[in-house]
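J.: My questions all concern the structure below.
The values are calculated or read from the model by the stated rules, or taken from the named source; none is laboratory data. A quick note: this is a predicted structure, and the numbers were derived from the prediction, not measured. Neighbour counts run over all protein chains shown; Cβ positions are idealised from the backbone, glycine included. Surface accessibility is based on the protein's heavy atoms, side chains included, excluding ligands, DNA and RNA. Shrake-Rupley method; radii C 1.70, N 1.55, O 1.52, S 1.80 Å.
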Amino acid sequence: MKIKIEYYGIPRQRVGIASEVYEFDQEEMEIHDVILAVARKHPEFQRNCMAGDRLNQHLTVNLNGTRFYQTENGTARDGDALLILSMDAGG
Amino acid sequence: MRVANVSEAHGYHYRYLEIDVTSGAASCHPLQADVLQQMIGGSGLGTHLLMEHEAWKHDPLSSQASIVFAFSPLVGSPLTTSAKFAVVSRSPLTGRINDSLASSRFALAGKRTGYDALLITGRAESPSILVIDNGHVTLQPADHLCGLPAEQTEQQLRTAFGQEYSFAVIGPAGEHLVRYATISHSGRHAGRGGSGAVLGSKNIKAIAVRGDQRTSWFDTQGLVQQARNLSQRSFGPATEKYRELGTAANVLVFNRLHCLPTRNFQKGSFENAENLSPEAMNAVRDKMRESCAACTIGCTHIYSIPVDGKPSQTRIEYENLFALGPLCEISDQQIVLQASHLCDHYGLDTISTGGTIAFAMECVEQGYLQEPWLRFGSGEALHKAIHLIGQQKSLGISLAKGSRALAMELGHNTISFAPQVKGLELPGYEPRALQTMALGFAVGTRGADHNRSGAYEVDFSEHVDRRHAKVSQARLAVETENKAAMMDSLILCKFLRGVFDDYFAECASMLNLVTGWNLNAEQMVRAAEAIVNTKKHFNILSGWTPAEDTLPERMLTTALEDDTDAVLNRQTLEALVKAYNLERGWDEAGFLPDSSTRP
Ligand code: SF4
């Protein structure tokens with residue numbers, strides 16, 4: 001399956017790109033495992049955006065521009081877009 | 001732990017100064033500890049003083065109206081982001097309570113005059129500078145400053161008065177009583193709700209303050225330690241977004257989530273949003289970062305722009321970009337930055353300016369306003385409209401009253417799409433896509449506002465479905481509002497809020513170190529609630545009715561064009577408002593339980 005990862009704000013600064021597509025063998029995957037794959041690929045992301053094996057508490061994940069999955073407990077399926085962004089939307 | 005005894009005064013001066021600018025007379029009034037423990041300072045204290053002076057009775061632009069500059073117990077302490085002050089008055093835009101905050105040296109110098117607040121009433125005979133030197137008050141002529149923008153006014157005052165003074169000034173918009181004129185200080189603004197017009201109506205072009213009366217701290221060592229710890233945390237990931245990209249980082253995120261208000265709130269995304277992102281601006285412009293006084297975060301991102309052919313600069317925030325960009329359907333970076341610069345020049349709130357102009361653009365499009373030049377997407381029209389507002393010429397006279405008044409003037413039920421609540425234009429959070437925030441906007445005491453309610457935080461969490469609100473979210477909205485009320489009264493910058501683990505407990509700890517009090521987290525929550533209740537009480541006395549706690553009709557009857565799942569109907573909003581009122585301990589309609597507060 002293919003998952004598009006979109007980076008916003010600080011994650012984009014660290015990874016250096018706006019988006020990329022990941023290919024996995026499974027039909028569906030835990031969001032947490034997708035995040036771990038991103039962290040494995042991008043050492044800067046691992047260093048700056050993760051706290052242990054989770055996103056740091058100031059970042060969050062959104063699936064397809066709809067629901068947030070801050071605890072990374074959700075399922076991503078083929079064709080989904082996973083947005084990684086700041087929790088803080090203060091303006 | 002040692003607790004201060006009643007004769008010890010730390011953190012506060014325990015008094016405020018009342019100045020009648022009609023006569024120039026000043027009088028000092030005591031402030032009791034029990035009042036300060038409830039109202040804290042800043043917004044809370046300012047609202048309390050307005051209640052005492054029955055400011056709800058008076059037309060906000062009349063000579064009887066009062067305006068308060070309220071400092072706070074933390075001002076002057078080593079705690080990061082604490083150099084702030086609140087300006088509180090009845091708003092000429094909404095007729096309700098208005099508290100707007102600004103940062104910097106005016107807060108430090110103002111508190112050193114020896115007072116916790118300055119309350120100004122009356123009307124000077126001619127344009128004046130109100131000078132407060134250690135509590136000694138004089139009025140000096142300001143005719144030579146009339147018509148000058150805020151920045152030049154400050155420059156001239158600095159030359160005339162010297163570096164020891166700090167200044168709060170109004171620009172031409174304040175002098176012309178534009179209902180959303182700001183009060184400026186060092187390039188920052190007490191922006192929303194028209195406090196600049198209130199000062200202008202008093203013929204006060206500028207306030208100059210100087211003083212050497214510092215308050216003591218109860219536990220200096222403990223405070224320094226806490227301040228170090230807080231500063232350390234302020235360098236961490238919680239504030240990274242603000243430091244590196246500024247609030248403008250919201251543009252692309254909000255656009256992707258369809259909550260970037262576009263074309264007068266008809267859509268939640270803008271196809272050219274990328275042009276207005278900080279990433280795009282950083283690629284083509286020089287940028288520098290700046291901090292308010294006593295701030296370790298430094299969220300202010302200043303970009304280079306040409307103005308009248310000369311190199312200049314402008315501060316950029318998400319709210320400026322949204323209101324002067326997508327809301328008016330303008331994607332040209334330079335046009336938007338220049339529009340923001342123009343708002344600074346005149347001393348205009350960018351949100352209300354953009355909101356009112358975008359509304360007028362839609363009225364033109366629908367044939368209700370015969371100004372064919374004023375079209376969505378026209379940068380030239382945007383600039384022209386800002387000039388007309390700032391100079392109070394032709395259409396600018398109507399635009400200067402805000403979108404609600406303009407809709408009333410135009411009729412044809414244009415009020416149904418005027419982007420305002422209680423007369424205050426909505427900030428850049430599309431309510432149909434962020435429905436806890438929709439509730440926060442509807443019930444906000446100063447109108448639609450993202451600084452007094454942080455309910456968007458709830459929408460950005462996994463606890464709720466942001467496009468399908470449930471009444472259980474009302475409690476979460478109350479919590480964010482309480483936090484904001486405390487932050488605006490202590491005062492600390494909201495961009496710091498992510499660093500706290502136990503917010504109210506840490507607020508209590510900071511306040512105790514400063515004052516020697518022994519408050520706990522629970523008492524801080526009660527104080528926050530008391531502040532919100534006092535604002536509500538003010539509004540009730542000034543004529544508030546439950547019908548005001550709503551959103552523009554179009555937002556309750558029409559889905560977002562580009563996200564048809566983002567629907568908010570009247571029944572849902574009414575249920576949310578009712579749940580919010582009950583959660584606050586008010587009656588279902590929103591009146592306080594004490595029947596004496598009913599009109
Ligand atoms: S974070 Fe920004 S707004 Fe807040 S005090 Fe610092 S510079 Fe000022």
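J.: Condition check: in a loop (DSSP other than H, G, I, E, B) and within 16 Å of the ligand (Cβ to nearest atom). Does B:ALA293 satisfy that? Give the steps one after another, and end with the answer.
T.: Values: in a loop (DSSP other than H, G, I, E, B): yes; within 16 Å of the ligand (Cβ to nearest atom): yes.
When the stated conditions are applied, B:ALA293 passes them.
J.: So which of B:ARG315, B:ARG256, B:ARG285 is within 14 Å of chain A (Cβ to nearest Cβ) and modelled with pLDDT under 95?
T.: After applying the criteria, what remains is B:ARG315.
J.: Would a scan of the range B:450-470 turn up a residue that is without any contact (Cβ under 8 Å) to a residue 12 or more places away in the chain, more than 13 Å from every other protein chain (Cβ to nearest Cβ) and not aromatic (Phe, Trp, Tyr)?
T.: Yes, the range B:450-470 contains a residue that is without any contact (Cβ under 8 Å) to a residue 12 or more places away in the chain, more than 13 Å from every other protein chain (Cβ to nearest Cβ) and not aromatic (Phe, Trp, Tyr).
J.: Is it the case that some residue within the range B:558-575 is in a helix (DSSP H, G or I) and of a type in the set (Gly, Ala, Ser)?
T.: Checked the range B:558-575: at least one residue is in a helix (DSSP H, G or I) and of a type in the set (Gly, Ala, Ser).
J.: Taking B:LEU260 as the residue in question, decide whether it is in contact with a Phe, Trp or Tyr (Cβ under 9 Å, 6 or more places away or on another chain), of a type outside the set (Asp, Glu) and within 30 Å of B:GLY447 (Cα to Cα).
T.: It is true that B:LEU260 is in contact with a Phe, Trp or Tyr (Cβ under 9 Å, 6 or more places away or on another chain), of a type outside the set (Asp, Glu) and within 30 Å of B:GLY447 (Cα to Cα).
J.: Follow-up question, since we're still on this one. In the set B:ILE386, B:ILE351, which member is in contact (Cβ under 8 Å) with a residue 60 or more places away in the chain and closer than 20 Å to B:HIS189 by Cβ?
T.: B:ILE351
J.: State which residue is nearest to the other protein chains (Cβ to nearest Cβ) when the search covers only the range B:266-279 and only residues that are touching an Asp or Glu at 6+ places or on another chain (Cβ under 6 Å) and open to solvent by 20 Å² or more (accessible area, probe 1.4 Å). First the steps, then the outcome.
T.: Going residue by residue through the range B:266-279, those that are touching an Asp or Glu at 6+ places or on another chain (Cβ under 6 Å) are B:266-269.
From what's left, open to solvent by 20 Å² or more (accessible area, probe 1.4 Å): B:266-267, B:269.
Details: B:GLN266: 19, B:LYS267: 14, B:SER269: 10 Å.
In this case the residue turns out to be B:SER269.
J.: Any residue that is among the hydroxyl-bearing types (Ser, Thr, Tyr), open to solvent by 10 Å² or more (accessible area, probe 1.4 Å) and away from chain B (no Cβ under 12 Å) - is there at least one of those in the range A:60-82?
T.: The initial filter retains those residues of the range A:60-82 that are among the hydroxyl-bearing types (Ser, Thr, Tyr), namely A:60, A:66, A:69, A:71, A:75.
Those left that are additionally open to solvent by 10 Å² or more (accessible area, probe 1.4 Å): A:66, A:69, A:71, A:75.
Checking the rest, the ones that are also away from chain B (no Cβ under 12 Å) come to A:75.
Within the range A:60-82, one or more residues are among the hydroxyl-bearing types (Ser, Thr, Tyr), open to solvent by 10 Å² or more (accessible area, probe 1.4 Å) and away from chain B (no Cβ under 12 Å).
J.: Can you name every residue in the range B:378-435 that is open to solvent by 10 Å² or more (accessible area, probe 1.4 Å) and either within 14 Å of another protein chain (Cβ to nearest Cβ) or of a type in the set (Asp, Glu) (or both)?
T.: Once the filter is applied, which keeps residues that are open to solvent by 10 Å² or more (accessible area, probe 1.4 Å) and either within 14 Å of another protein chain (Cβ to nearest Cβ) or of a type in the set (Asp, Glu) (or both), the range B:378-435 yields B:GLU380, B:GLU409.
J.: Name the residue, out of B:VAL364, B:VAL336, that is of a type outside the set (Asp, Glu), surrounded by fewer than 21 Cβ atoms within 10 Å (Cβ to Cβ) and at pLDDT 95 or above.
T.: Exactly one residue qualifies, and that residue is B:VAL364.
J.: For B:SER62, only one of the following conditions fails: (1) open to solvent by less than 10 Å² (accessible area, probe 1.4 Å); (2) among the hydroxyl-bearing types (Ser, Thr, Tyr); (3) more than 17 Å from B:ASN451 (Cβ to Cβ). What is its number?
T.: (1)
J.: Determine which member of the set A:GLY9, A:GLY16 is surrounded by fewer than 15 Cβ atoms within 10 Å (Cβ to Cβ), small (Gly, Ala, Ser) and within 14 Å of chain B (Cβ to nearest Cβ). Spell out how you get there, then give the answer.
T.: Working: A:GLY9 fails: surrounded by fewer than 15 Cβ atoms within 10 Å (Cβ to Cβ).
After applying the criteria, what remains is A:GLY16.
Residue-wise test of (1) surrounded by fewer than 20 Cβ atoms within 10 Å (Cβ to Cβ); (2) small (Gly, Ala, Ser); (3) assigned to a helix (DSSP H, G or I).
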{"position": "B:THR138", "(1), (2), (3)": "yes, no, no"}
{"position": "B:HIS144", "(1), (2), (3)": "yes, no, yes"}
{"position": "B:GLY147", "(1), (2), (3)": "yes, yes, no"}
{"position": "B:GLU154", "(1), (2), (3)": "no, no, yes"}
{"position": "B:ALA160", "(1), (2), (3)": "yes, yes, yes"}
{"position": "B:GLU164", "(1), (2), (3)": "yes, no, no"}
{"position": "B:ALA168", "(1), (2), (3)": "no, yes, no"}
{"position": "B:GLY174", "(1), (2), (3)": "no, yes, yes"}
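J.: Among (1) buried (at least 17 other Cβ atoms within 10 Å of the Cβ); (2) away from every other protein chain (no Cβ under 12 Å); (3) within 16 Å of the ligand (Cβ to nearest atom); (4) of a type outside the set (Ser, Thr, Tyr), there is one condition B:ARG233 misses while meeting the rest; what is its number?
T.: It is condition (2) that B:ARG233 fails.
J.: Sticking with this structure for a sec: Tell me, which strands (runs of 3 or more DSSP E) wholly within the range B:1-113 include 3 or more residues that are more than 16 Å from the chain's Cα centre (by Cα) and more than 25 Å from B:ALA448 (Cβ to Cβ)?
T.: B:15-20, B:25-30
J.: Related question: For B:ALA197, work out the one condition from (1) in a loop (DSSP other than H, G, I, E, B); (2) open to solvent by less than 10 Å² (accessible area, probe 1.4 Å); (3) touching a Lys or Arg at 6+ places or on another chain (Cβ under 8 Å); (4) not aromatic (Phe, Trp, Tyr) it doesn't fulfil.
T.: For B:ALA197, the failing item is (1).
J.: Still on this structure: Given the criteria touching a residue at least 12 places away in the same chain (Cβ under 8 Å), assigned to a helix (DSSP H, G or I) and away from the ligand (no atom under 16 Å from the Cβ), does B:ALA484 qualify?
T.: Here the answer is no, as B:ALA484 does not meet what is asked.
J.: When you look at B:MET524, is it of a type outside the set (Asp, Glu), within 16 Å of the ligand (Cβ to nearest atom), modelled with pLDDT of 95 or more and not in a loop (DSSP other than H, G, I, E, B), yes or no?
T.: Criteria not met by B:MET524.
J.: Tell me which of these B:ARG497 doesn't satisfy, since it passes every other one: (1) modelled with pLDDT of 95 or more; (2) assigned to a helix (DSSP H, G or I); (3) buried (at least 18 other Cβ atoms within 10 Å of the Cβ).
T.: Unmet for B:ARG497, out of (1) modelled with pLDDT of 95 or more; (2) assigned to a helix (DSSP H, G or I); (3) buried (at least 18 other Cβ atoms within 10 Å of the Cβ): (1).
J.: Okay, next question. Just a yes or no: is a residue in the range B:341-350 away from chain A (no Cβ under 14 Å), within 16 Å of the ligand (Cβ to nearest atom) and not in a loop (DSSP other than H, G, I, E, B)?
T.: Scanning the range B:341-350, I find at least one residue that is away from chain A (no Cβ under 14 Å), within 16 Å of the ligand (Cβ to nearest atom) and not in a loop (DSSP other than H, G, I, E, B), so the answer is yes.
J.: Here is a follow-up. Just to be sure, is B:LEU511 more than 20 Å from the chain's Cα centre (by Cα), in the same structural domain as B:ALA528 (by TED's automatic domain parsing) and open to solvent by less than 10 Å² (accessible area, probe 1.4 Å)?
T.: yes
Conditions (1) among the aromatic types (Phe, Trp, Tyr); (2) within 13 Å of the ligand (Cβ to nearest atom); (3) within 14 Å of another protein chain (Cβ to nearest Cβ); (4) under 20 Å from B:TYR14 (Cβ atoms), marked per residue:
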position	(1), (2), (3), (4)
B:LEU74	no, yes, no, yes
B:PRO78	no, no, no, no
B:VAL87	no, no, no, no
B:ALA102	no, yes, no, no
B:THR113	no, no, no, yes
B:ALA117	no, no, no, yes
